[in-house]
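For reference, the structure discussed in these notes is given below.
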Amino acid sequence: SDMLIGPDWAMNIEICDMLNHDPGQAKDVVKGIKKRIGSRNSKVQLLALTLLETIIKNCGDIVHMHVAEKD
């Protein structure tokens, strides 16, 4: 949300837990993050990049694969 002052770490870790439990959702999550990175609001972009970094560091290869896809 653009209303956040900073990263919502509890939510970011919850998303990581969700992806580790159900890797099938990785494509949709990464797609949503990529959409937010394209936002015109720089705060939204920074928060999306923080979430992306968090899932890259804490989730498996399936997430890496979806991040690296051209689509």
**OP:** Give the number of residues within region 35-48 that are in contact with an Asp or Glu (Cβ under 6 Å, 6 or more places away or on another chain) and exposed (fewer than 13 other Cβ atoms within 10 Å of the Cβ).
**Re:** 1
Original post:
Given the structure, is LEU51 open to solvent by less than 30 Å² (accessible area, probe 1.4 Å) and either in a helix (DSSP H, G or I) or charged (D, E, K, R) (or both)?
Top reply: yes
**OP:** Kindly establish whether LYS57 is among the charged types (D, E, K, R) and surrounded by 13 or more Cβ atoms within 10 Å (Cβ to Cβ).
**Re:** no
Subject >> Top-ranked residue of region 22-34 - restricted to ones that are touching a residue at least 12 places away in the same chain (Cβ under 8 Å) and under 17 Å from ASP8 (Cβ atoms), ranked as least open to solvent (accessible area, probe 1.4 Å) >> reply: ILE33
Original post:
From the residues in region 60-71 that are in a loop (DSSP other than H, G, I, E, B) and more than 12 Å from GLY24 (Cα to Cα), which one is modelled with the highest pLDDT?
Top reply: GLU69
Original post:
For ARG40, which of the numbered conditions (1) part of a helix (DSSP H, G or I); (2) without any contact (Cβ under 8 Å) to a residue 24 or more places away in the chain fails to hold?
Top reply: (1)
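The values are calculated or read from the model by the stated rules, or taken from the named source; none is laboratory data. It should be emphasised that the depicted structure is a prediction, and the values quoted were computed from it without experimental measurement. Every residue, glycine among them, receives a Cβ derived from its backbone with ideal geometry; neighbour counts consider all protein chains shown. To get the accessible areas, we keep the full protein, side chains included, count just its heavy atoms, and leave off ligands, DNA and RNA. Shrake-Rupley method; radii C 1.70, N 1.55, O 1.52, S 1.80 Å.
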